[in-house]
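Here's the structure we're looking at; comments come further down.
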Amino acid sequence: MINIPKGTKDVLPFESYKWHYVEDIVRKVAKNFGAEEIRTPTFEHTELFLRGVGDTTDIVNKEMYTFEDKGKRSITLKPEGTAGVARSFIENGLQNRAMPLKMYYITPVFRYERPQAGRLREHHQFGVEFYGAKGADIDAEVILLAYTVLTKLGLNVKLNINSMGCEKCRKDYNNALKEYLKDNYDNLCETCQTRYEKNPLRILDCKVDTCKELVKSAPMITDYLCDDCRAHFEKLKTLLDVAALEYNVNPLIVRGLDYYTKTVFEFITTDLGSQGTVCGGGRYDNLIKQLGGGDVAGAGFGMGLERILMLMEAKGIEIKEPAPCKLFVATLGDEAYKKAFQIVSALRQKGVHADLDHMDRSIKAQFKYSDKIKAEYVATIGESELNEGFVTLKKMSDGSTEKIAINDLLTRF
Ligand code: ATP
Ligand code: MG
């Protein structure tokens, strides 16, 4: 037997309706915020992620699915959703559209990670990309969009926000951080020692306990913000207050991507233990420029859909099952089967969910089966029904029956 690759998951036929439910809510909420869907390829040139996501991030350093295709190009399976959208925005000249351009996506994401609960090698993200506006009002909208989705799905979440400043204030902060960590350099994990040289801020995101302990009393980025970044952060807080959305300022949040500037945020839940982050995002004012486009600001987030479904399940949030079969036509004999086949086909053409037996079941087994699939009505056709032109139609919920002309089944449903 060939097994499923490690860290991947099947969505089975009797559970896909849960995905549809989540996706429907996601699409509706995005639409209410004025966002339209964008779909970009599952793979891109590796270069895009090196330049877009950043080569000091875990995603690029350790987690990418990169391979050479038959044409000797280096290709990478999407490790996140933003870079592809940014590439498409530039390539298709979308900056010529009315701004801001609000987009959303639902996409598979591939990361070579150690699989565990809530951590897969292929997972799916809902994300938004709001491009073209520099103000904190857009950051607030993006955050509110995520919050609306999460609460509509019935989840309780906490919002953490931070500002990573711009290149200007980040330089001062990185220096301060290096100064603070200087004496403890030897106590940093190996990765963080590299980060110390290349991108000290990234140390704040380290999951190793000793590093975590060290950064606890490190200088805080929020104390190093320039006037512009500080005003932006204050405006964001004001707008979140106005929208009555509670938040916690956590200066340790830097998120796992290099492209963030100013606002970063995450929604967390405590229900899932260590994999409690369900959504992470922020502002990225330099990304489009960095990828060869114009001076176009951006903000957005990525939300892990498997983690959301896991949480909903853990909390016992019930998702309504799809409507069952409306009419099951049970048959006895070849002639009856032909008639039933004709009726079922015509009903389906009309848009009615109808079915009949495909397993040569006895009439008794057909009734049992119709029960199993929770058919709403069952009509039985045998030789006498064919001769009379009438069938007995049974409503399964209360067992009531009625006699109805066979051909009237088409108008009855
Ligand atoms: P984490 O700190 O959990 O590794 P991250 O910083 O890598 O998260 P992002 O890159 O911001 O997360 O991705 C956005 C969201 O996608 C996360 O909040 C999470 O819900 C989900 N996610 C990330 N990696 C995985 C994974 N390997 N499996 C399942 N969901 C994931
Ligand atoms: Mg990660």
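The values are calculated or read from the model by the stated rules, or taken from the named source; none is laboratory data. Note that the coordinates shown come from a computational prediction; the quantities given were computed from them, not determined experimentally. Cβ sites come from the backbone with ideal geometry, for glycine too, and all protein chains shown count toward neighbours.
General observations
- Residue match in the stretch 59-67 (condition: touching a residue at least 60 places away in the same chain (Cβ under 8 Å), crowded, with 19+ Cβ neighbours inside 10 Å, within 15 Å of ligand 1 (Cβ to nearest atom) and farther than 20 Å from Gly292 by Cα): yes
- The stretch 99-119, subset buried (at least 20 other Cβ atoms within 10 Å of the Cβ) and aromatic (Phe, Trp, Tyr), residue nearest to ligand 1 (Cβ to nearest atom): Phe110
- Residue ID - farthest from ligand 1 (Cβ to nearest atom), chosen from residues in the stretch 275-322 that are free of Cβ contacts under 8 Å to residues at least 40 places away in the same chain and either farther than 21 Å from Phe130 by Cβ or in a strand (DSSP E or B) (or both): Glu318
- Qualifying residue in the stretch 327-346 (condition: near ligand 1 (Cβ under 10 Å from one of its atoms) and either buried (at least 23 other Cβ atoms within 10 Å of the Cβ) or under 30 Å from Lys368 (Cβ atoms) (or both)): no
- Looking across the stretch 338-378, the residues that are touching a residue at least 40 places away in the same chain (Cβ under 8 Å) and over 42 Å from the mean Cα position of the chain (by Cα) come down to Lys339, Ala340.
- Qualifying residue in the stretch 125-134 (condition: away from ligand 2 (no atom under 16 Å from the Cβ) and either over 13 Å from Gly300 (Cβ atoms) or modelled with pLDDT under 95 (or both)): yes
- Asn174 away from ligand 1 (no atom under 16 Å from the Cβ) and either closer than 21 Å to Thr57 by Cβ or at pLDDT 90 or above (or both): yes
- Count of the stretch 367-387 residues which are within 16 Å of Lys326 (Cβ to Cβ) and surrounded by 13 or more Cβ atoms within 10 Å (Cβ to Cβ): 9
- Filter result (assigned to a loop (DSSP other than H, G, I, E, B), out of contact with any Phe, Trp or Tyr (no Cβ under 6 Å at 6 or more places or on another chain) and within 16 Å of ligand 2 (Cβ to nearest atom)) within the stretch 80-107: Glu80
- Residues within the stretch 230-250 that are surrounded by 17 or more Cβ atoms within 10 Å (Cβ to Cβ) and among the aliphatic types (A, V, I, L, M), tallied: 3
- Check on Asp228, of a type outside the set (Phe, Trp, Tyr) and in contact (Cβ under 8 Å) with a residue 60 or more places away in the chain: yes
- Any hit, the stretch 83-98, residues being more than 11 Å from ligand 1 (Cβ to nearest atom), touching a residue at least 40 places away in the same chain (Cβ under 8 Å) and over 22 Å from the mean Cα position of the chain (by Cα): yes
- Checking each residue in the stretch 16-56 for being at pLDDT below 95 and more than 28 Å from Leu94 (Cα to Cα) picks out only Thr56.
- Whenever a residue of the stretch 177-193 is at positive phi, it has no partner that is surrounded by fewer than 16 Cβ atoms within 10 Å (Cβ to Cβ) and in a helix (DSSP H, G or I) lying with C-beta atoms less than 8 angstrom away and at least six residues away or across chains.
- If the condition is being of a type outside the set (Lys, Arg) and exposed (fewer than 14 other Cβ atoms within 10 Å of the Cβ), then the stretch 347-362 contributes Gln349, Gly351, His358, Met359, Asp360, Ser362.
- Residues (under 14 Å from Phe110 (Cβ atoms), among the charged types (D, E, K, R) and more than 16 Å from ligand 2 (Cβ to nearest atom)) located in the stretch 41-63: Glu44
- Against the list (1) modelled with pLDDT under 95; (2) in contact with a helix residue (DSSP H, G or I) (Cβ under 8 Å, 6 or more places away or on another chain), the condition Lys62 fails is (2).
- Subset of the stretch 108-120 that is assigned to a strand (DSSP E or B) and in contact with a strand residue (DSSP E or B) (Cβ under 6 Å, 6 or more places away or on another chain) - its residue that is farthest from ligand 2 (Cβ to nearest atom): Pro108
- Hey, Leu240 in a loop (DSSP other than H, G, I, E, B), under 30 Å from Glu313 (Cβ atoms), touching a residue at least 24 places away in the same chain (Cβ under 8 Å) and in contact with a helix residue (DSSP H, G or I) (Cβ under 7 Å, 6 or more places away or on another chain) or not: no
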